[in-house]
1. Of all the helices (runs of 4 or more DSSP H) wholly in the range A:264-352, which have at least 2 residues that are within 14 Å of another protein chain (Cβ to nearest Cβ) and of a type in the set (Ser, Thr, Tyr)?
2. Any idea which residue in the range B:14-40 is farthest from ligand 1 (Cβ to nearest atom), counting only those that are open to solvent by 40 Å² or more (accessible area, probe 1.4 Å) and within 22 Å of residue B:227 (Cα to Cα)?
3. Please specify each residue of the range B:91-130 satisfying the condition of being within 29 Å of residue B:196 (Cβ to Cβ) and either of a type in the set (Lys, Arg) or within 16 Å of ligand 2 (Cβ to nearest atom) (or both).
4. Assess whether residue A:247 counts as being away from every other protein chain (no Cβ under 14 Å), open to solvent by 10 Å² or more (accessible area, probe 1.4 Å) and β-branched (Val, Ile, Thr).
5. Looking at (1) touching a helix residue (DSSP H, G or I) at 6+ places or on another chain (Cβ under 7 Å); (2) away from every other protein chain (no Cβ under 14 Å); (3) away from ligand 2 (no atom under 16 Å from the Cβ), which is the only condition residue B:223 fails?
6. Test residue B:136 against the criterion of being surrounded by 20 or more Cβ atoms within 10 Å (Cβ to Cβ) and of a type in the set (Asp, Glu), and give yes or no.
7. With (1) more than 13 Å from chain A (Cβ to nearest Cβ); (2) of a type outside the set (Gly, Ala, Ser); (3) under 28 Å from residue B:124 (Cβ atoms); (4) away from ligand 2 (no atom under 16 Å from the Cβ) as the list, and residue B:230 as the residue in question, which single condition is left unmet?
8. Can you tell which of A:90, A:80 is at pLDDT 80 or above, assigned to a helix (DSSP H, G or I), closer than 23 Å to residue A:116 by Cα and touching a Cys at 6+ places or on another chain (Cβ under 7 Å)?
Amino acid sequence: MLYSRQTKARQFMRSKIRRGFLLFIWLVLLALPSAALAEGPTQPDQLFRDASNLISAGDYETALEVLDRIPAPGGTDSAADFIKSRVQKAQLYHALAMFDEADASCHEVLALFPDNIEATNLLDSLAKAKKPKWLLFIDDMKLFLPSLIQGAGITLFLVVITMVISPIGGLLIALGRISGVPPLRWLSWFIIWFFRGTPLLLQLFFIYYGLPSLGVTLSPTTSAIIGLGINYSAYLAEIIRAGIESIDSGQMEAAKAIGMTYTQAMRRVIVPQTYKRLMPPVGNEFIALIKDTALVSTIAMVELMRSANQMFNTYFNVNVLIIAAMIYLLFTTVFTVTFETIEKRVGAYENR
Amino acid sequence: MKTDNEKNPTSNNAPIICLSNITKRFGKTTAVDAVDLSVMPQEKVVIIGPSGSGKSTLLRAVNILEEIDEGTIVFEGKSVGYVEKKGKRVLDSQKNICALRAEIGMVFQHFYLFPHMTVLENIMEGPVTVQGKSREEAHIIAEDMLEKVGLSEKRDVFPATLSGGQKQRVAIARALAMKPKIMLFDEPTSALDPELVGEVFNTIKSLADEGMTMIIVTHQMGFAREIADRVIFMEKGRFITEAPPVEFFGSCMTNTRVASFVDSIL
Ligand SMILES: Nc1ncnc2c1ncn2[C@@H]1O[C@H](COP(=O)(O)OP(=O)(O)OP(=O)(O)O)[C@@H](O)[C@H]1O
Ligand SMILES: [Mg+2]
């Protein structure tokens, strides 16, 4: 075992040396004829080689001169070499940010070969490169915004609907949690436990892809509204419950003492006092909601994230994602400011 | 003292409220222990006693804020708060209990004004929400009550800006707006700075002079002397002594427990 391994290693070494030797011979044989041909300085191959050496040495100016020495086509001089040299020049100028010279070099080619694809493409990208970055971004905006705005509209629609549904659902579940009726308490506890304890993504999948197998088929929009609505109700329920329980129990006593029913006391006295306390945590939830709507892109809803994704897959342009991010930020900023304003307004009685 | 005349509630000899054998336990502690108490119309009963003697619990039992374990409450000749169901005594319906509470005003040590409503809204809340009065009607009542407690100029401010004394006067106005048949005061001046006790005391005194029936729990012996028709000393959930104030602060002081309590307060 040990012996055979050593032998194998030795054989391997030997084959390596042999291969290296063969490669050396090959190189010598190849070098001989090209060295013989390198006599004339006008040989395009040699010029290209020189230029590339100069470029790797960093001497662009000389490289440009060398490339320039490749003549225009005619006689024995090939069109291909000419085009190649001028395109290389243009690329070099482009890299040096000398756009006018690069343009000129492209036009040299196009003057003789108006249909040349390489020069045309290069000229296009030069035109882009010459434009300031922000102008390009504006161009991209013009291209992407229409579909992104459509997607953003769907996102906003889902956010607003959920913002209407979930506080109501959350309040009902919260009242169930603190109710004196045990079955209501258990049901509310279960809803909160289940919908906070499983991923929203899974819930959406279940509603959209899973329910049909139980005979209930819902549209993507309905599924999204139900999924987001219940999920956010469950989250808000705990926040609202904490808010209600933070109100001095004397408030309920005083309300009862003037003859209010439990429902009247909740509606008129207890719940209104929770508003100010609820604003910051509920605002937080709604910011999270704006971003969570991206999850419904997985159940065939073309909202902002989905349309950004589609555009990105078509254009591979990172600006799509940047513009989408800007729209999300716009939404979250507007909501944050709005909530802060409402919070101040709602709690005014505490310091008036 | 106790009267069984429940057949003719309009009669002046009929008590407005008659509590008998009221017992309330919290686990092993008996907060109120088989207490009997009847209050005649326009009568002012002052209850004093050391902390934890069950005064608040008794007061809260009157308007069913506390569910009692034994005993009966008769209000204006009708048994209230509890009903027999399959041989068991259970709480009456919420509707009936709320109707009872609407007729009994209660004022708390810590006021419990509704902080999100203005002074006027606080007072209008009961008439509008509980009695279903129109806002206009409730507004007139509220203005009236505010004037009664001398705070008309504070009608549109929020409770947070009021002094303790002003808060308590608004709380009294809020209770009065329901036109209660009897008022319960649970240490109405205990949370106040000494210099603010007077204004609340005067408000209660003028109410007493108008003939309001009251049960007052207090540590202010001045109250007891000036307002009470009857002073009750309570200890460990039981009534130890009850007597008119002159007698109470005179001959009753031979009772060492009463005397030492009154001494400790004064
Ligand atoms: N909700 C409750 N749970 C348990 N025990 C209670 C409760 N409320 C009152 N108690 C107990 O019942 C007894 C009587 O309390 P209560 O508040 O009626 O006394 P009080 O005479 O009003 O005292 P204070 O002068 O301090 O207000 C006390 O021992 C108290 O600890
Ligand atoms: Mg008390």
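The values are calculated or read from the model by the stated rules, or taken from the named source; none is laboratory data. Fair warning: this is a prediction, and the values are worked out from it, not measured in the lab. Cβ placement follows ideal geometry from the backbone for every residue including glycine, while neighbour counts extend to all protein chains displayed. Quick note on the areas: whole protein, heavy atoms, side chains included, nothing else; ligands and nucleic acids left out. Shrake-Rupley method; radii C 1.70, N 1.55, O 1.52, S 1.80 Å.
1. Numbers: elements: A:271-292, A:304-315, A:318-346.
Of the helices (runs of 4 or more DSSP H) lying wholly inside the range A:264-352, those with at least 2 residues that are within 14 Å of another protein chain (Cβ to nearest Cβ) and of a type in the set (Ser, Thr, Tyr) span A:271-292.
2. B:40
3. Of everything in the range B:91-130, those that are within 29 Å of residue B:196 (Cβ to Cβ) and either of a type in the set (Lys, Arg) or within 16 Å of ligand 2 (Cβ to nearest atom) (or both) turn out to be B:101, B:106, B:107, B:108, B:109, B:110, B:111, B:112.
4. On the way: away from every other protein chain (no Cβ under 14 Å): no; open to solvent by 10 Å² or more (accessible area, probe 1.4 Å): yes; β-branched (Val, Ile, Thr): yes.
Taking the combined requirement at face value, the residue does not satisfy it.
5. Unmet condition: (3).
6. Details: surrounded by 20 or more Cβ atoms within 10 Å (Cβ to Cβ): no; of a type in the set (Asp, Glu): yes.
Spelling it out, it is not the case that residue B:136 is surrounded by 20 or more Cβ atoms within 10 Å (Cβ to Cβ) and of a type in the set (Asp, Glu).
7. Residue B:230 satisfies every listed condition except (3).
8. Going through A:90, A:80 in turn, the sole match is A:90.
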